[in-house]
Structure formats: C-alpha cells, structure tokens
Amino acid sequence: PNMRSRSVRSMILLLSLASCPALQPGQRLPARRSCSTIESTVTRRALLFTLPLAYSTAAHGAATGGGFVEGQFASVGGGPPKIKGLAPLTKGEPSAAELNRLVVGYQRLQFLLNNWDAETTVCIKGCKGAYESCGCVRDPLVVQSYMGYKSMNDPLFKAGDLMLRASSLIQNDADFERYNDAMETWNNKADAGNIMAYVSSWGEANPGGGQDNILRYLEKSRKEVVESANLLKVILDCLNITV
C-alpha cells in the first residue's frame, strides 16, 4: 500500500508539473488558477498513461528476466558476423542454397569458439573505459544467436528440421546411419546448449551463485557448443558439403 500511494503521488506530481502554466515558455500563471488544482482533476485514464514513467530500467529488466534492457549492452566481440543472401527455409528436399545455411552456421560456431571470451562478455554500449567502469559481465546468452534460438534469420534456425529433410540426399547406408545418429544427437545437444546458456545468464542468482559458479556454467555451455559444432561437421561430411 505505501509503495502504491507513493507511485500515485509521483504520477500526480509529474502531471502537475507538465500541466503547470508557469512552466510553459511564454506563459503567465492565471490569477485564479494554481498548479495544485490539477491534482483534484486528474482522471484515472490520465494516470494509466503515466504508468510507464513510474518504472525504472532495472524494474523492466527484472520483469523480463534480464538484468538490463536489450540494446543498452553489447558484446565485446561485436556479436555474430553479418550474413548476406541467406536462402529461406522451404519444405521438402532442400536445395544446395538452403543447405548452405548449415555451412554458414558451422562457420559461425567456429567463430564463437575462437572468440569465446570476447563474445560472452557484454559491456555498456559505447563505453571506452576500464572493464569495471563499463559494467562488463560474462553473459553467454549470445550462444542462443549462434545456435539458431534467437531469430528466424539465424542460419541454424530450425536446423534439425533442415537436416531431416536433407536425409534423403544421403547416398549409402553407412553414411545414413552416421548421419541419423549425428542428427538426433544434434537436436539434444542444441537444446542442452541453449538451456545451459540461459542458466548461466542468471549468474549469481543461481543456487550457490558466485563468480566461480558463473565460470563453471560458462565452461559447460562452451563444451556443448564444441560438441554441437563437431556434430554439424559430421552432417556436412555425410552430405558431401565442403566447408
């Protein structure tokens, strides 16, 4: 109740200040009207429109499950390499252009692993100061972008479905068995890597949380990515696709 009353009083004050003639350029305060009279005429509808003003960035982060608003922080490594001309997903047996999504996805996983520390460290966007001064933290959620869980435009988005549709292209039984095993394991590993990245992102909020625990989760997430990349290479080899 106390928090609610303080929020209402804050919103009324904001409305009063915004509507006060004395604060408007070139305006004079009418003789028979004062800013305090605004409080008695504020409607419920007006209060609802001011609700966003009562919430801070931290509150938004807590409500959405993150510690910061998306767009305020950026990866030290710059994030996944930009992609041009990626073929859209279709149905049925995939074309060579569509299978190239797997090649691009594999290359991006290699980029992530080669730049792991930089890619899993985020800092305040545009900050040029020291690590501590720029609010830098280890955040492995970038893994979701590389594994195809962040956007439909990611090359590995629905990669498991693409692999399944491409299974008809395998030429012999031995490769088919190898391909099928890799495909099933890929789906399990991809999900595990995504979950581990999410768990790691909560950092010290995890049971027994602390910097050591954060790094432990990060290392588990990295190992999942390594195994996923190896499986994807098997898939490409069975399809006779050169990386």
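Got a sec? Which of Gly210, Gly193 is loosely packed, with under 14 Cβ neighbours inside 10 Å, within 24 Å of the chain's Cα centre (by Cα) and modelled with pLDDT under 80? After ruling out the rest, the residue left standing is Gly210. Evaluate segment 102-117: report whether one residue or more is over 16 Å from Gln144 (Cα atoms) and touching a helix residue (DSSP H, G or I) at 6+ places or on another chain (Cβ under 8 Å). The answer is yes; a qualifying residue exists.
Elements of the type helices (runs of 4 or more DSSP H) sitting completely within segment 112-188 and holding at least 2 residues that are within 24 Å of the chain's Cα centre (by Cα) and among the charged types (D, E, K, R): these cover 116-119. Scanning segment 132-148 for residues that are of a type outside the set (Gly, Ala, Ser) and over 20 Å from Tyr217 (Cβ atoms) yields Glu132, Cys134. Of everything in segment 64-95 that is modelled with pLDDT of 90 or more and closer than 22 Å to Ala190 by Cα, the residue that is surrounded by the fewest Cβ atoms within 10 Å (Cβ to Cβ) is Lys91.
For beta carbons closer than 8 Å, sequence separation of 6+ or different chains, a first residue in segment 143-169 that is acidic (Asp, Glu) and a second that is in a helix (DSSP H, G or I), the qualifying pairs are Asp154/Gly105; Asp154/Ser145; Asp154/Tyr146. Quickly run through segment 96-141 and pick out the residues that are exposed (fewer than 12 other Cβ atoms within 10 Å of the Cβ) and closer than 28 Å to Ile241 by Cβ. Passing the criteria: Ala96, Asn114.
The values are calculated or read from the model by the stated rules, or taken from the named source; none is laboratory data. All values derive from a computational prediction rather than experimental measurement. Glycine also receives a Cβ, built like all others from the backbone with ideal geometry; neighbour counts cover every protein chain displayed.
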